[in-house]
Amino acid sequence: MTVSTATTDYEQQLPKASGLWPSFFNVALRATISVNATCGQTGREEYCRLTTDGTGRSRGSQCGICDANNPDPEKRHPITNIVDGTNSWWQSPTLQKGAKNDRVTINLDLGQLGDKSI
């Protein structure tokens with residue numbers, strides 16, 4: 001499952017170039033990202049994630065439903081969420097349906113970012 005580049009105004013919030021310092025930008029925002037599995041990709045799926053308090057101690061779990069085909073964006077957790085500059089997230093599949101998704105591969109293609117000279 002390949003998804004095209006995410007675009008947001010995130011880069012506008014980064015510090016601008018000044019003096020000897022180059023401008024900053026998040027190269028992932030211009031990347032093409034793909035993954036071999038996502039929660040809800042094959043239909044409605046329940047997930048749970050651990051939550052922590054401000055000190056890093058576990059507070060328990062927070063559960064929800066993911067469904068890639070749901071019109072509600074809060075039910076979809078595609079891989080593009082990890083580079084879109086928002087608080088949304090990508091959700092891996094659960095292991096409830098078996099161990100076939102115990103290893104998930106994420107590919108981040110940054111493309112050619114510099115000028116190559118010989």
Say we look at the range 93-106 and pick out the residues that are open to solvent by 40 Å² or more (accessible area, probe 1.4 Å) and at pLDDT 90 or above; which of these is nearest to the chain's Cα centre (by Cα)?
106
Here are some conditions: (1) in a loop (DSSP other than H, G, I, E, B); (2) surrounded by 15 or more Cβ atoms within 10 Å (Cβ to Cβ); (3) of a type in the set (A, V, I, L, M, F, W, C). Residue 33 meets all but one. Which one does it not meet?
(1)
Are there any pairs with C-beta distances below 9 angstrom linking a residue in the range 40-67 that is of a type in the set (Val, Ile, Thr) to a residue that is outside any loop (DSSP other than H, G, I, E, B) and surrounded by 12 or more Cβ atoms within 10 Å (Cβ to Cβ), with the two at least 6 apart or on different chains, and if so which?
65/45; 65/46; 65/47; 65/75
Among the candidates 51, 5, single out the residue that is open to solvent by less than 80 Å² (accessible area, probe 1.4 Å) and modelled with pLDDT under 70.
5
Residue by residue through the range 42-69, note down the ones that are touching a strand residue (DSSP E or B) at 6+ places or on another chain (Cβ under 8 Å) and part of a loop (DSSP other than H, G, I, E, B).
44, 53, 67
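The values are calculated or read from the model by the stated rules, or taken from the named source; none is laboratory data. Please read these numbers as outputs of a predicted model, since none were measured by experiment. Quick reminder, even Gly has a Cβ in these numbers, built from the backbone with ideal geometry, and neighbours come from all protein chains shown. Note: accessible area is taken over every heavy atom of the protein model, side chains too, but ligands, DNA and RNA are not part of it. Shrake-Rupley method; radii C 1.70, N 1.55, O 1.52, S 1.80 Å.
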